[in-house]
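Enquirer: Have a look at the structure that comes next, please.
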Amino acid sequence: MSKQKNGLTYADAGVDIDAGNALVDKIKPLVKATRRPGADGEIGGFGGLFDLKAAGFSDPILVAANDGVGTKLKVAIEAGKHDTVGIDLVAMCVNDLVVQGAEPLFFLDYFATGKLDPDQGAAIVGGIAEGCRRAGCALIGGETAEMPGMYAKSDYDLAGFAVGAAERGQLLPTDDIHEGDVILGLASSGVHSNGFSLVRRIVEKSGLAWSDPAPFDKDRSLGEALLEPTRIYVRSVLSAIRGTHGLKALAHITGGGFPENIPRVLTDDWSAELDLEAIEAPSVFGWLQKAGGVADTEMLRTFNCGIGMIAVVAAGQAAQVAAVLSKAGETVTSIGRIVPRRDVGVIYRGSIEL
């Protein structure tokens, strides 16, 4: 190989291989802490391995989901707080798995940045590992990409990929949804990870800085309060699925709110009739509506408004299912029922107090 004076290096082009190696060293113990039956490999290989038989499945159907965190990342970047968006990343994927009756098994992440900071990267992956622990799934691999010129120096993006499984014949929704079935709402932890382009516009309009006290939570800064991570419903919902066999359908209330997400788990024969007055919305939604002058209908189609997931159950099993979910740590409210199909998939009764 010929020698060349003053030759360019990868580092000169803005990519620091040593920083990447330092990040891998920092996150190895975080990844190891997410191990579960079926996943025992070490991070650093070309692919992650998972043993379905060791995980206890006999005739599984695999279910896969992928998602990101959206422009909530801009809040994390501008507020300088990076340790919770990884939880959001996992939540947005695994909540989509469990609504289909699947147990999340493993997770992979993709982290792209303009300039790799090993400490920042470790904080982000630490959040991902925490999300995996909450969901009971293993972080078996991922990819870190340093791409100067593609991203500004301080910017980064995240994507997540989750795979779960359910025994054949046990997937949701079931085919026995009937008129009068009860709709249970599981409380959210706040805004979760949807609608942040509107959130950021409202904050800009308010003139507040991320470091200012949150108008709806005086104990935290605005940035900290809005970065409250998405609730992960996996363990509680799996307990209800396996402990009651009473869940007919589940819907994760993400982008599109109630009118877009609930009809996804209903056939064209049925509509969901919601009693909006039964919903206790966290104060953050009232502030967003007032500060942004946002109409009720726009709030309901953009945000979860306090309900992060809904469950459809037979009326006779509603109390039992609610009790199991409550014991597992959820705040559960009966918010509606299934009715014969009307012109729309979701019908509102009353008004929501924001």
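Enquirer: If DNA, RNA and ligands are ignored and the probe is 1.4 Å, what is the ranking of 235, 36, 349 by accessible area, most exposed first? Could the numbers behind the result be given before it?
Expert: Working: 235 135, 36 30, 349 110 Å².
Correct descending sequence by accessible area is 235, 349, 36.
Enquirer: Between residue 212 and residue 245, what is 0.36 nm times their sequence separation minus the Cα-Cα distance? Round to one decimal in nm. The partial results should precede the final answer.
Expert: Details: separation 33, 0.36 × 33 = 11.88 nm, distance 4.68 nm.
The residue 212-residue 245 span can extend by a further 7.2 nm.
Enquirer: Please work out the Cα convex hull volume for region 210-261 and give it in Å³ per residue.
Expert: Working: hull volume 6.1 nm³, N = 52.
Cα-based convex hull of region 210-261, divided per residue, equals 117 Å³.
Enquirer: Less than 17 Å from a label point 7 Å out along the Cα-to-Cβ axis of residue 347: which backbone N atoms in region 267-289 qualify, by residue?
Expert: Output list for this probe position: 267-278.
Enquirer: Rolling a 1.4 angstrom probe over the protein chains, ignoring ligands and nucleic acids, what is the accessible area of residue 252 in square angstrom, nearest 10?
Expert: Its accessible surface works out to 10 Å², give or take rounding.
Enquirer: Ok, one more. If you put +1 on each Lys and Arg Cβ and -1 on each Asp and Glu Cβ, how big is the dipole of region 188-246 around its Cα centre, in Debye rounded to 20? Spell out each step's value before the answer.
Expert: Numbers: 8 positive and 6 negative charges, 58 e Å.
The dipole of region 188-246 has a size of about 280 debye.
Enquirer: If you place +1 on the Cβ of every Lys and Arg and -1 on the Cβ of every Asp and Glu, how big does the dipole about the Cα centre of region 224-319 come out, in debye to the nearest 20? Don't skip to the answer; put the middle values down first.
Expert: Details: 7 positive and 11 negative charges, 93 e Å.
Magnitude of the dipole: close to 440 debye.
Enquirer: Please state, rounded to one decimal and in Å, the Kirkwood hydrodynamic radius that region 281-354 gives when every pair of distinct Cα atoms enters the mean of 1/r.
Expert: Values: mean 1/r = 0.0694 Å⁻¹.
It works out to 14.4 Å.
Enquirer: Can you tell me what the convex hull of the Cα atoms of the chain projects to on average, as an area in nm²? Don't jump to the answer; show the numbers that get you there.
Expert: On the way: hull surface 83.4 nm².
It is 20.9 nm².
Enquirer: Here is a follow-up. I'd like to know which of 203, 289, 145 lies farthest towards the positive end of the charge dipole of the chain, counting +1 on Cβ of Lys and Arg and -1 on Cβ of Asp and Glu.
Expert: Positive-most Cα among the choices belongs to 145.
Enquirer: Keeping all protein chains in the complex and leaving out DNA, RNA and ligands, what accessible area do you get for residue 62 with a 1.4 Å probe, in Å² to the nearest 10?
Expert: Residue 62 exposes around 110 Å² with every protein chain in place.
Enquirer: Next up: Using a 1.4 Å probe and counting only protein heavy atoms, arrange 298, 330, 78 so the residue with the most accessible area comes first. Intermediate values should be presented prior to the final figure.
Expert: Details: 298 75, 330 15, 78 100 Å².
From most accessible down to least: 78, 298, 330.
Enquirer: Could you list log10 I(q)/I(0) for region 75-144 at q = 0.13, 0.15, 0.24, 0.26 Å⁻¹, which the Debye formula gives when each Cα is one point scatterer?
Expert: Computed log10 I(q)/I(0) values: -0.37, -0.48, -1.05, -1.17.
Enquirer: Here is a follow-up. Please list 297, 71 from largest to smallest accessible area, probe radius 1.4 Å, with all protein chains kept in place.
Expert: Largest accessible area first, the residues go 297, 71.
Enquirer: Also, quick follow-up: Could you tell me the accessible area of residue 88 in Å² (1.4 Å probe, neighbours in place), rounded to the nearest ten?
Expert: 0
Enquirer: Need the list of lysines near residue 327 for cross-linking: C-alpha distance under 19 angstrom, and skip anything on the same chain fewer than eight residues off.
Expert: Result set, ordered by chain and number: empty.
Enquirer: Now, a different point. Any lysines with Cα under 20 Å of the residue 26 Cα? List them, leaving off those in the same chain fewer than 8 positions away.
Expert: Of all the lysines, those that pass the test against residue 26 - Cα under 20 Å, at least 8 places apart if same chain - are 81, 115.
Enquirer: Can I ask one more? Can you tell me how region 39-197 classifies by the Cα gyration tensor, rounded, prolate or oblate, using a/c under 1.5 as the rounded cut?
Expert: On the way: a/c = 2.67, a/b = 1.42, b/c = 1.88.
It is oblate, given that a/c is not under 1.5 and a/b is not larger than b/c.
Enquirer: Given Cβ point charges of +1 (Lys, Arg) and -1 (Asp, Glu) and nothing else, what value in debye, to the nearest 20, does the dipole of region 1-148 about its Cα centre take?
Expert: On the way: 14 positive and 20 negative charges, 35 e Å.
Using Cβ point charges on Lys, Arg, Asp and Glu, region 1-148 gives about 180 debye.
Enquirer: Taking the Cα centre of region 205-354 as the origin and placing charges on Cβ (Lys, Arg +1; Asp, Glu -1), which of 340, 316, 244 is farthest toward the positive end of the dipole?
Expert: 244
Enquirer: If I stretch the segment between residue 174 and residue 200 completely, what's the gain in nm (0.36 nm per residue apart, minus their alpha carbon distance), one decimal? Present the calculation step by step, with values, prior to reporting the outcome.
Expert: Numbers: separation 26, 0.36 × 26 = 9.36 nm, distance 3.86 nm.
So the chain would gain 5.5 nm between residue 174 and residue 200.
Enquirer: Could you pull the Rg and Dmax for region 158-265, using just the Cα atoms, both in Å?
Expert: My reading of the Cα-based Rg and Dmax gives 18.0, 53 Å.
Enquirer: Counting heavy atoms of the protein chains only and a 1.4 Å probe, report the per residue accessible area for the chain as a whole number of Å².
Expert: On the way: 16480 Å² over 354 residues.
On a per-residue basis, the chain sits at 47 Å².
Enquirer: With all protein chains present, how much of the accessible area of the chain (probe radius 1.4 Å) comes from carbon and sulfur, to the nearest whole percent?
Expert: Of all accessible area on the chain, carbon and sulfur atoms account for 49 percent.
Enquirer: Projecting each Cα onto the charge dipole of region 147-270 (Lys/Arg +1, Asp/Glu -1 at the beta carbon, about the Cα centre), which of 174, 256, 227 comes out farthest on the positive side?
Expert: Most positive-ward Cα: 227.
Enquirer: Near residue 72, which aspartates and glutamates are there with a Cα under 15 Å away, not counting those fewer than 8 places off in the same chain?
Expert: Cross-link targets: 83, 88, 155, 157, 204, 224, 228.
Enquirer: To the nearest 10 degrees, how steeply does helix 85-98 sit against the main Cα axis of the chain, on a 0 to 90 scale?
Expert: With both axes taken from Cα atoms, the answer is about 50 degrees.
Enquirer: Tell me, what is the percent relative contact order of region 274-354, built from C-alpha pairs under 8 Å that lie six or more residues apart? Present the calculation step by step, with values, prior to reporting the outcome.
Expert: On the way: 65 pairs, mean separation 52.4, N = 81.
Taking the mean separation of contacting Cα pairs over the length of region 274-354, I get 65 percent.
Enquirer: Continuing with the same structure: At a threshold of 8 angstrom on Cα-Cα distance, excluding pairs fewer than six apart, so keeping six or more, what relative contact order does the chain reach in percent?
Expert: Numbers: 759 pairs, mean separation 73.9, N = 354.
The value is 21 percent.
Enquirer: Hey, can you rank 306-314, 18-26, 319-327, 118-126 by average C-beta count inside 10 Å, highest first?
Expert: Values: 306-314: 24.9, 18-26: 15.4, 319-327: 17.8, 118-126: 20.3.
Averaged packing, sorted descending, gives the order 306-314, 118-126, 319-327, 18-26.
The values are calculated or read from the model by the stated rules, or taken from the named source; none is laboratory data. Computed from a prediction, not measured in an experiment: that's the story for all the values here. Cβ atoms come from the backbone with ideal geometry, glycine included; neighbour counts cover every protein chain shown. These accessible areas exclude ligands, DNA and RNA; they are computed on the full protein's heavy atoms, side chains included. Shrake-Rupley method; radii C 1.70, N 1.55, O 1.52, S 1.80 Å.
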